[in-house]
Structures are given as C-alpha cells and as structure tokens.
Amino acid sequence: MLTFFRKLYRIACLLGWFLFMATGAILRKLGKNPEETIRQASLDTGRWARGILNILNIRLTVHGTMPQTQGVLIVSNHLGYLDIIVHASLMGVRFAPKKEIRSWPFLGWYVGLSCPVWIDRKSPAKSKETLEEFEKTLRIGVPLIVYPEGTSTDGLHGLRPFKSTPFEAAIKDNRPLMPIITVYTVPEGAMNPAWFGDQELLPHVWELLGIRQIKADVYISQPILPEGFDRKILAEKTRDVMLASYREHTGITEES
C-alpha cells in the first residue's frame, strides 16, 4: 500500500514539475535566435532533470572530474530513459533521441522543448544532416551526449559494439570526448531500472515510480582527444576505455 501511494504522490509531483518547466521553457525561448535557443534549452534540461532526481529519490554520485571545456562530446553506455534524467542533471546537455519518439503522444512534444537532434536510424541520407547538427552543437559550446551502442541494454552484459558516426563530430574541430559509465543500484528485490529489449514503457515507468531509492553512479574517465584518429578507430578506443571502466566498477566481465 505504501508503494502505491508513493507512486501516486510522485506522479502528482512530476505532472506539476513538467508543467512548470514547460511553461518556463516556452517563455524563455521567446525572442531568441536558434543558437541562443539551443543554449537555453540545454540549461533548462539540466534544471528539469535535477528536479526529477529529487522527486524520484535518485541519489547521484559523480566519480571523477567534470570537464571545464564547453562543447564536449559525452559518450555513455545506455540503460534506458533514466539515463536522460541522470545525464542531463550533470550539466546542461543536448540529446540525440531516435526520431520515433517525436510522434509519441505528449512525450514527443515535451522532448522537443529541449531542442534535441532527432536521429533517423532508418535513413542513411540523413546522416550528413545529423552530423552537421552535432558539429554545430559543440561549436556553440553546448555539451552533446550520444549513446553509440545504438540501443539500451540491461547493464549486466558489458557494452555492445559502438556505431562510429557520432564520433565524426568531435574529429572535425579536435574536440574532447568525455567517456562515462553509468551504474544503477536499487534495494534488494526491486526491479532493474534499465529499460531495454521489448519492454513496454508505461508498465516499466509505473514500477519504477514505486522504487524507494535508486543510486546512480557516474564514472568519468579521462578525456580523449581525437587528433590523429579516424572515427572508427576513435570509436574503438573510446569503447576500450569505457569497457575497462565498466568492468572495474561493476565487476562484470561477460560480453554482450
């Protein structure tokens, strides 16, 4: 019964917070040019995420030093929608979600307020346009986060092979990459907070709302400069660094 009321209370808080942040985000965009709009949206995304961490009682611990450089490309493993909240709270970032989310009722519109780079994985012809938007994001000093595994996983079987396309954005202007590994811990008996495979979204969210506390540990590795690498070698090098961090901090050595 306590879990049920916890879910209802958090839903009410989330609805109020979403409405408050959406109203503010819309008003703060008025009169701004496209670049200013992207910068403002990244800051709003950070505030939005930190509020949700409090509502859901997600205890975030960052291990390592956040870079001072603006326009850094953040590369992370991917465990589902919870990553968006955790990673946005670290620093104002711009996300690159899949295009299909854009058509979701309400959620697609809401995600659109953050000025994301919509990814069309079914259209190779869109890759050049996407890459140009990545480069623009970094050039104007907004951190960009990518999940090069291309899909979310359960977090228990290593890292999937990386897609190399996003790494091209850092190579052009020799911008640093910040590899991070995210690990979630929940009380014994609670569900795995990762959303992956063919799980349905709403039932998963409903169960997650009932978890008393979620610990999120983000492990930051040393920045990687892309100078001298092509995108495939850079992707492999970054994955090697992240896989070593993953194994160190989870104790899991099995590959997916």
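Points to keep in mind about this one:
- The length gained on full extension between Asp120 and Asn174, counted as 0.36 nm times the residue separation minus their Cα-Cα distance, comes to 16.9 nm.
- Mean Cα-pair separation over length for the chain, i.e. relative contact order, pairs under 8 Å, 6 or more apart, %: 26
- Computed E for Thr250/Leu30 - FRET, C-beta separation, R0 41 angstrom, nearest 0.05: 0.35
- Paramagnetic reach from Phe196 in segment 213-256 [backbone N under 18 Å; point 7 Å along Cα→Cβ]: 215-219, 239-240, 242-256
- For a straight C-alpha distance cut-off of 15 angstrom, the aspartates and glutamates reachable from Lys32 (same-chain residues fewer than eight places away being disregarded) are Asp44.
- Springs between Cα atoms under 10 Å define the GNM used for the chain, and in it the highest mean-square fluctuation of Glu168, Glu200, Glu133 occurs at Glu200.
- Heavy-atom surface analysis with a 1.4 Å probe gives segment 57-173 a carbon and sulfur content of 53 percent of its accessible area.
- Residues in segment 183-205 that a label on Lys215 would reach, taking backbone N under 11 Å of a point 7 Å out along Cα→Cβ: 184-188
- In this simple spin-label model, placing a label point 7 Å from the Cα along the Cα-to-Cβ direction at both Asp240 and Ala12 gives a separation of 5.5 nm.
- Highest-MSF residue in the chain out of Pro67, Pro166, Pro203 [GNM, Cα springs under 10 Å]: Pro203
- Our estimate of slack between Ile233 and Lys99, defined as 0.36 nm per intervening residue step minus the Cα-Cα distance, is 45.5 nm.
- Bridgeable lysines around Lys122 (alpha carbons under 27 Å apart, same-chain partners fewer than 8 residues away excluded): Lys98, Lys99, Lys136, Lys163, Lys172, Lys232, Lys237.
- Anisotropy class of segment 107-256 from Cα gyration tensor, a/c 1.5 cut: oblate
- For the chain, built as a Gaussian network whose Cα springs stay under 10 Å, the top-fluctuating residue of Phe167, Phe134, Phe106: Phe106
- Projecting the Cα atoms of Ile214, Trp195, Ile140 onto the charge dipole of segment 124-246 (Cβ charges, centred on the Cα centre) puts Ile140 farthest toward the positive pole.
- Taking the helices alone, the chain has a mean residue ellipticity at 222 nm of -14500 deg cm²/dmol, built from -39,500 (n - 2.57) per DSSP H run of at least 4 residues and averaged over all its residues.
The values are calculated or read from the model by the stated rules, or taken from the named source; none is laboratory data. Model, not experiment: these values are computed from the prediction. Cβ: placed from backbone, ideal geometry, glycine included. Neighbour counts: every protein chain shown. For accessibility, only protein heavy atoms count, side chains too; no ligands or nucleic acids. Shrake-Rupley method; radii C 1.70, N 1.55, O 1.52, S 1.80 Å.
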